Amino acid sequence: MIQQAVDRELRTAIGDFSLTRLSTHQTPTRELRRALGQADFIVVGGSNILTSEMNKYRQWVISIRHAFAVRRAILLGAGWWKYQKPPNLYTRLFLELLLSRKHTHSVRDGYTLAQLASVGWKNAVNTGCPTIWPLDGRSEKDYPGSKASNVLMMLTDFAQDLDADRRLAEIVCRSYEKVFVFPQGKYDRDYLRNFEMPWTILDRDIDALNRFLAATPSLDYVGTRLHGGMHCLNRGIRSLILEVDNRAKEMGRDFGLPTIARHDFAAIEAWIERTSPFRVRLDSQAIETWRRQFRKRSSADGRRA
């Protein structure tokens, strides 16, 4: 879901270009390091890519030695993993080697912006994740005004709370005629085996999910998967995102996304029966500042990213 949004924004900002994908979960090979050296732009689109202890939390699997092959990375919607102390010395050195000082970085929320600023990175703007950029200005008036007959639910394996999720599932199952569950994460299906609920588990395939969303009338979304909720919001589906970590909490506060604390079951039940007011508000100037930097340097065709 994030990848599709990143691709969309790169096309918007740069136009036509050839693209080489590198996973942040693998150490770059010599061939990939060569591709990095030849690229006009190196863009890092990710959610929890940053942390105060990048020597311990290896969401970005790259060594200090290999970081020299990057050096010019530009962040797009990057966020900080959990609430933490200021970055340690390793992280400061790591960021200095990896990130561009000449470009503007796009971060997911104000907390991430503050963490970067605390160690001298002033060339960043708070744009939110690119998955929410099409939602600017939308409010509850742009979605169905009453509860749907059916619901799409998502639970996440990386923030497990059996008691809370069981209670949530019970609320959802008694509130809707049919309950469908999409296992967005690799191990979500394994987690779902902990519950015996009258729901239908969908295939873990984004194209199949999109076909399901298009073909299923009268559908709400309720779940702990942040990007699953934003995916539904982008498709005009009445959605409630439950806060299980700093991502939904910070983006809900910064941009007005329809989020509720995970354990606020009274508020969850109230929302199911009647949508609470909300309005998505983005910093359009910050987003345009990030996009514009590519247009200045990519007037010719054939750019590589």
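What follows is calculated from the coordinates using simple rules that are stated; it is not laboratory data. Predicted model, so just to flag it, every value in this text is computed and none were measured. Quick reminder, even Gly has a Cβ in these numbers, built from the backbone with ideal geometry, and neighbours come from all protein chains shown.
Starting from 0.36 nm per residue, how many nanometres of slack lie between Y90 and A117 once their C-alpha separation is accounted for? Each step should come with its number before you reach the end.
Values: separation 27, 0.36 × 27 = 9.72 nm, distance 1.63 nm.
Computed gain between Y90 and A117 is 8.1 nm.
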Problem set entry | Partner lysines for K178 [C-alpha distance under 21 Å; skip if fewer than 8 residues away on the same chain] | K147
For this session: Kindly work out what percent of the DSSP beta bridges joining two residues of the chain are antiparallel, to the nearest 5.
Result: 5 percent
Exercise. Nearest 20 debye, what's the magnitude of the dipole of region 33-163 about its Cα centre given +1 on Lys and Arg Cβ and -1 on Asp and Glu Cβ?
Worked result: 740 debye
Problem set entry | Cα Rg, Dmax (largest Cα-Cα span) when computed across region 137-273, Å | 13.6, 39
Exercise. Using θ = phi - 60° and the Karplus curve 6.51 cos²θ - 1.76 cosθ + 1.60, what whole-Hz ³J(HN,Hα) does each residue of region 120-133 get, with Gly and Pro shown as x?
Worked result: x, 8, 9, 8, 9, 10, 8, 9, x, 5, x, 5, 9, 4
Exercise. Using the beta-carbon distance between K102 and K82 and R0 = 41 Å, what value does 1/(1 + (r/R0)^6) give for FRET efficiency, to the nearest 0.05?
Worked result: 0.90
Exercise. What would the Debye formula give as log10 I(q)/I(0) at q = 0.16, 0.24, 0.30, 0.33 Å⁻¹ for the alpha-carbon point model of region 247-293, no solvent?
Worked result: -0.56, -0.90, -1.10, -1.14
Seminar exercise, completed: Interchain or sequence-distant (5+) residues whose placed amide H lies within less than 5 Å of the amide H of V44 are I74, L75, L76
Seminar exercise, completed: The simple spin-label model distance between F158 and N194, using points 7 Å out along Cα→Cβ, in nm, is 1.6 nm
Exercise. With point charges of +1 on the Cβ of Lys and Arg and -1 on the Cβ of Asp and Glu, referenced to the Cα centre of region 137-273, which listed residue (G145, W271, L240) lies farthest in the positive direction of the dipole?
Worked result: G145
Exercise. By the gyration tensor of its Cα atoms, with a ≥ b ≥ c the square roots of the eigenvalues, what is the shape of region 174-222: rounded for a/c under 1.5, prolate for a/b over b/c, or oblate?
Worked result: oblate
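Filter the GluC sites (Glu not before Pro) in region 117-211 to those in DSSP coil with at most 10 other Cβ atoms within 10 Å of their Cβ, and list the result. Please report the intermediate quantities before stating the final value.
Numbers: sites: E140, E170, E177, E196; in loops: E177, E196.
Counting only loop positions with at most 10 other Cβ atoms within 10 Å, the GluC sites (Glu not before Pro) in region 117-211 are E177, E196.
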Seminar exercise, completed: Zone reached by a paramagnetic label modelled 7 Å from K56 Cα along Cα→Cβ, restricted to region 83-121 with backbone N below 20 Å, covers 83-96, 112, 115-116, 118-119
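Give K85/K186; K82/K122; K85/K249 a once-over and call out the pairs whose C-alpha atoms are over 24 Å from each other.
From the list (K85/K186; K82/K122; K85/K249), the Cα-Cα distance tops 24 Å for K85/K186.
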For this session: Go from 0 up to the bin containing the longest alpha carbon distance in the chain, width 20 Å each, and give me the % of pairs per bin.
Result: 32, 55, 13
For this session: Quick one: net charge around V70, please, counting Lys, Arg +1 and Asp, Glu -1 for every other residue with C-beta under 12 Å from its C-beta.
Result: +3
Exercise. Using unit Cβ charges (K, R positive; D, E negative) and no other charged atoms, how large, in debye to the nearest 20, is the dipole of the chain about its Cα centre?
Worked result: 1420 debye
For this session: Starting from region 15-94, pick out the chymotrypsin sites (Phe, Trp or Tyr not before Pro) whose DSSP state is loop and whose Cβ has at most 14 other Cβ atoms within 10 Å.
Result: F68, Y83
Exercise. Most exposed first by the Cβ proxy, i.e. fewest other Cβ within 10 Å, how do K122, K178 rank?
Worked result: K122, K178
For this session: Averaging sequence separations of C-alpha pairs under 8 Å and six or more residues apart, then dividing by the length of the chain, give the relative contact order as a whole percent.
Result: 22 percent
Exercise. E269 versus R30, label points 7 Å from Cα toward the beta carbon: distance in nm?
Worked result: 6.5 nm
Exercise. Can you work out D for region 1-99 in µm² s⁻¹ from Stokes-Einstein, where Rh is the Kirkwood radius over C-alpha pairs, the temperature is 10 °C and the viscosity is 1.306 mPa s?
Worked result: 112 µm²/s
Problem set entry | Of the chymotrypsin sites (Phe, Trp or Tyr not before Pro) in region 177-236, those whose Cβ has at most 12 other Cβ within 10 Å and which sit in DSSP loop | Y187
For this session: Tell me the label-point distance for the pair R167, F68, using the 7 Å Cα-to-Cβ offset, in nm and rounded to one decimal.
Result: 5.5 nm
